[in-house]
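The values are calculated or read from the model by the stated rules, or taken from the named source; none is laboratory data. This is a predicted model, so every value here is computed, not measured. Please note: Cβ atoms are built from the backbone with ideal geometry, for glycine as well, and neighbour counts cover all protein chains shown.
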Amino acid sequence: MASPTVTQPVFEHHHSGLSVNTSRPRISWAFQADENTTPDWRQTAYEVEITFHPTSHDPLVFNVTSDRSVLVPWPARPLQPREAANVRVRVAGGPSRTPSSDDAQYSGWSSPATVEAALLDPSEFQAQFITAAQQPTPQGPLRPLRFRKEFNLPVGYTGETCRSRLYITALGLYEVYINGQRVGDEYMAPGWTSYKHRLPYQVHDVAVLLNKTGPNMLAIEAAEGWYAGRLGFNGGKRFRWGDKIGVAAQLEVTHPTSSQRWTLSTDETWRCGLSPVQTSEIYDGEVYDAREEDESWNKVTEQDSAQVPLDGPVVALPRPKATLFSPDMAPVRATEVKPCVSVFQSKSGKTILDFGQNLVGVVRIKSFTPADGAQVELRHAEVMEHGELGTRPLKLAKARCLVTGSGKTIDSWRARFTFFGFRYVQVEGWPSGTPSADDFEALVLHTDMKRRGFFECSNQSVNQLHQNVVWSMRGNFLSIPTDCPQRDERLGWTGDAQVFAPTSAFLYDTMGILGSWLEDLAAEQLADGQKGIPPITVPFALGDNFPNMPQAIWADVAVLMPDDLHRASGDEAILERQFRSMQTWIEQGVDRGANGLWNPDSWQFADWLDPNAPPEDPANGRTDPLLVCNAYLVHTTRVFSQICRRLGKMELADKHKDGADRLLGHFQRHYMTADGHLMSSTQTAIALCITFDLYPPAKSNRTTASSALERLVRTANYHISTGFAGTPVITKALTAAGKPQLAYRMLLKKDCPSWLYPVTMGATTIWERWNSMMPDGTINPGHMTSFNHYALGAVADWLHATVGGISPAAPGWRTIRVRPVPGGNITSTNVRFNGPYGLVACEWQLKNETDFSMKLTVPPNCTAEVTLPCDFRASFLNGVEDGDGEAEKTTIVGSGFHTFKCEFVAGEWPPKRFGPPFLPHPPIDVAE
Ligand code: BGC
């Protein structure tokens, strides 16, 4: 038997290791195992070998007795700004029953990874921010600009071994070229942050692009982006952070032996001119005039052929006050190219492209030759409505591209500084009549997070639902987590991100993107005048008519999301980093009444988009909004107290535990009858109280609650009746209450409102409303109707943990909870998670209705707590006062490959509807 293989180490939560923002990057590695790997393997020690660059230095080896393999401390001296090192790791260990460092066998070395420090101290970023001396369209939308500078490398800096780095950012968005070649593969750089507080820069290794022997051209095209563009609904507002496009770049070439640095930075010697892109706006799209194009603008040429001169003067802008930093999160990239699957005519004869998938990105036109002055227009939409492009949901976003031809062929055209949410594109003015599908493809754009979790089961409709969740996550994790990608919002709504955070952390590694977003949240929340309230969108981009609104569920993200990220990663640093933000929200931000619960007069989004609310009034659902908010408040306060305890802040932990108990007392007095009925008896209210454990422990209370929920669900004929607050918890609550078959019945229901109704309507993403598209093909009349909103996809968390059966038993996935609860007509599932330690996989099958078998993969250095379905107990009813007493049986297993079998009877399927006895039962609509 052998040690597991150690994967290439990674640093902090950084996507590549190039340009980490700390001098002591923590190191993590995972394990790969096969049948020859020692089962039940535990690490007892590790060795980290660090070779500082240049690699002619002797490697330093650090030997540490520890079972930790995730985020271990940097063992060597700190990295200097820009300094790099090669790092590899090997581990010792053995079966957990006989772990001893003496006889431990070392594994082979991992392959080496390079880590390089960023500039670290913002003052190392010395480049000036420059803009055009004459602003072409000062009132906005701002005309994109092209900046450039010709240069030669000095003698001595032309060798192959010179280290060449470009540090670059913009006030707006940029794409950068060296000698006509695009640097990097990023889109929408530098990304969207709270620009007042934090401005990211990117780092590129540009050695291969530099001409060592002759002149070079460093050229940057930049547009207004989120920084200066119109943002917000009802017309929005321009210039939220500034009214001039700016760029700042610092090219550094380091001499290999003397370590002297030659630097070329943006300054007033640069030149600039207008881009042929006339406008490029987040909501309205891009307008491009090929007649103003100069193909060679970014190369060194004898003479410019430009119609529009590129040698205008630039001026320096004041240095932004924001902290410059190199982000951990991966950049936005084109992660997939989707072909156009068909071209068809709309009812009125318009040409429509169908990409077969509602996605977020841009269309690329492979090659076309519009005549001089002729215009080709692309209009994007997510759906067709009664045979025409369904643009009403876009509200005041034009979401179009307009290309004016010059008579010359244009190859590979795409919008450069915007993106769209679309499946369909209407094309007008195509040069040769009707285009063919082959002329177009779609680039799928999003933050290029590492995929982690996968789920599949025997039911194809559920698989489609899961894929829709993944696609909605992809489309809405573009630099920040957004509500939607198409209409005049696309904003970092806090509530959406909060309810979806656990699901997203399973599907992708979100530590970089959400960690950064939380830092923005804290920066804005803690700013003067904010009274400790996180803005409802981060970065805040709504009008002045949106004052600081303390909103439960939305602002609770300040506490709940760091907790979710900690649970996914085991990284306590995120809790430390967000601590002030959490504490300030709980202690100062929440708008309280006299008893500490929410101010009874405050208006709240609460169970936003409950399907029973009128289309025009989505907050007006069935569940008392204050009950929803107060349930959340007790939960959030408890979570905060647990975080205090974990961080060793015991006094605060006790204080807030008492606070939560007191709030719970008020809550129970206020909303519960003595025998466990809720004053607002709805799916959302009961599900929240079960999931957040708000009922008194008396068994009678709990059976009342679970029977009341059962009755509501049966009476609704398994229609969903929850909005943003209730949807993530309803199936969890039914499972906890010992009624998983009811949860499956809801999951598998096909008619509206239900999770699968959109699937029956051909949805390829999660919709904002349960009925964004009505059964007759009419778009919901409500004023906001998106077809790409991930919030209601939060049910996938239950798919992963309960249907598939895996979740972290403790923060960081070192102890894995394996507890599948089969049900419905699902006869097999396959769930996988590439976690911090390696692959967790669980595959179960149910044959002949009762023969349950399961294959489980537990990664090295981990254990799993396994509960088989036959041992499942309703956690809400079990172990409480007067409970049945019989605790759930769990088996603990170590790493390796395991199989399990048991007899399992799932119970009544399909469960009946509760309804008038004199009416026939409605037909059972369950997705097969
Ligand atoms: C957004 C939401 C958001 C909500 C706030 C909407 O317009 O699209 O998803 O959370 O407003 O209530």
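Here is a list: I574, I553. Which entry is within 16 Å of the ligand (Cβ to nearest atom), within 21 Å of the chain's Cα centre (by Cα) and in contact (Cβ under 8 Å) with a residue 12 or more places away in the chain?
I553
Please work out if F506 is assigned by the TED database to the domain that holds M561, more than 30 Å from F344 (Cα to Cα), within 16 Å of the ligand (Cβ to nearest atom) and buried (at least 24 other Cβ atoms within 10 Å of the Cβ).
Judged against the criteria, F506 is not a match.
Which of the residues that make up segment 73-84 are aliphatic (A, V, I, L, M) and in contact with a Leu (Cβ under 7 Å, 6 or more places away or on another chain)?
A76
Kindly indicate whether P625 is buried (at least 21 other Cβ atoms within 10 Å of the Cβ) and within 14 Å of the ligand (Cβ to nearest atom).
Yes: the conditions hold for P625.
Output the number of the condition that A207 fails; it satisfies all remaining conditions of (1) aliphatic (A, V, I, L, M); (2) surrounded by 19 or more Cβ atoms within 10 Å (Cβ to Cβ); (3) touching a Ser or Thr at 6+ places or on another chain (Cβ under 7 Å).
(2)
Every residue, every condition in (1) surrounded by fewer than 24 Cβ atoms within 10 Å (Cβ to Cβ); (2) closer than 18 Å to K912 by Cα, yes or no:
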position	(1), (2)
T715	yes, yes
I720	no, yes
P758	no, no
E768	no, no
N771	yes, no
G777	yes, no
T785	no, no
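Could you check how many residues of segment 513-535 are touching a strand residue (DSSP E or B) at 6+ places or on another chain (Cβ under 7 Å) and modelled with pLDDT under 95?
Final tally of qualifying residues: 0.
Tally up the residues in segment 8-58 that are under 14 Å from V87 (Cα atoms), in a loop (DSSP other than H, G, I, E, B) and among the acidic types (D, E), please.
2
Is it the case, given these coordinates, that Q139 is in contact (Cβ under 8 Å) with a residue 60 or more places away in the chain, more than 30 Å from V20 (Cα to Cα) and in a loop (DSSP other than H, G, I, E, B)?
For Q139, the condition - in contact (Cβ under 8 Å) with a residue 60 or more places away in the chain, more than 30 Å from V20 (Cα to Cα) and in a loop (DSSP other than H, G, I, E, B) - is not met.
Taking segment 469-490 as the search range and keeping residues that are crowded, with 24+ Cβ neighbours inside 10 Å and more than 16 Å from the ligand (Cβ to nearest atom), which one is nearest to Y424 (Cα to Cα)?
Once the filter is applied, the top-ranked residue is R474.
Does T691 satisfy the condition of being modelled with pLDDT of 95 or more, assigned by the TED database to the domain that holds P550 and farther than 23 Å from I586 by Cβ?
Answer is no for this residue.
Among the strands (runs of 3 or more DSSP E) lying completely within segment 155-273, list those that include at least 2 residues that are of a type in the set (K, R).
The qualifying strands (runs of 3 or more DSSP E) are 163-171.
Can you pull out the residues in segment 525-538 that are touching a residue at least 60 places away in the same chain (Cβ under 8 Å) and either away from the ligand (no atom under 15 Å from the Cβ) or more than 20 Å from F477 (Cβ to Cβ) (or both)?
Q525, A527
I'm checking my understanding of the structure. Among residues of segment 102-117 that are closer than 17 Å to M1 by Cα and not hydrophobic (A, V, I, L, M, F, W, C), which one is modelled with the lowest pLDDT?
Here the residue is D103.
Looking for something more than 15 Å from the ligand (Cβ to nearest atom), in the same structural domain as W471 (by the TED database), more than 19 Å from the chain's Cα centre (by Cα) and without any contact (Cβ under 8 Å) to a residue 40 or more places away in the chain - is there at least one such residue anywhere in segment 510-524?
So far as segment 510-524 goes, no, none of its residues is more than 15 Å from the ligand (Cβ to nearest atom), in the same structural domain as W471 (by the TED database), more than 19 Å from the chain's Cα centre (by Cα) and without any contact (Cβ under 8 Å) to a residue 40 or more places away in the chain.
Could you list, in sequence order, the residues of segment 577-617 that are within 16 Å of Y632 (Cα to Cα), in a loop (DSSP other than H, G, I, E, B) and either in contact with a helix residue (DSSP H, G or I) (Cβ under 6 Å, 6 or more places away or on another chain) or more than 16 Å from the ligand (Cβ to nearest atom) (or both)?
Matches in segment 577-617: V590, D591, G593, N595, G596, L597, N599, P600, Q604, A606, D607.
Considering segment 780-822 alone, what residues qualify as being within 16 Å of the ligand (Cβ to nearest atom), small (G, A, S) and in a helix (DSSP H, G or I)?
A791, G793, A794
So is A568 within 16 Å of the ligand (Cβ to nearest atom), surrounded by 19 or more Cβ atoms within 10 Å (Cβ to Cβ) and of a type in the set (A, V, I, L, M) or not?
For A568, the condition - within 16 Å of the ligand (Cβ to nearest atom), surrounded by 19 or more Cβ atoms within 10 Å (Cβ to Cβ) and of a type in the set (A, V, I, L, M) - is not met.
Under 6 Å between Cβ atoms, which residue pairs at least 6 apart in sequence (or on different chains) link something in segment 594-616 that is among the charged types (D, E, K, R) with a partner that is modelled with pLDDT of 95 or more and within 16 Å of the ligand (Cβ to nearest atom)?
D607/T623; D607/V628; D607/T684; D607/G723; D607/A725; D607/G726; D610/G723
So which residues in segment 491-503 are under 18 Å from N358 (Cβ atoms) and more than 9 Å from the ligand (Cβ to nearest atom)?
Across segment 491-503, the qualifying residue is only F500.
Yes/no matrix, rows are residues, columns are (1) buried (at least 16 other Cβ atoms within 10 Å of the Cβ); (2) touching a strand residue (DSSP E or B) at 6+ places or on another chain (Cβ under 9 Å); (3) without any contact (Cβ under 8 Å) to a residue 40 or more places away in the chain:
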position: R143; (1), (2), (3): yes, yes, no
position: T158; (1), (2), (3): no, yes, no
position: Y177; (1), (2), (3): yes, yes, no
position: V183; (1), (2), (3): yes, yes, yes
position: G191; (1), (2), (3): yes, yes, no
position: K212; (1), (2), (3): no, no, no
position: N216; (1), (2), (3): yes, yes, no
position: A219; (1), (2), (3): yes, yes, no
position: G236; (1), (2), (3): yes, no, no
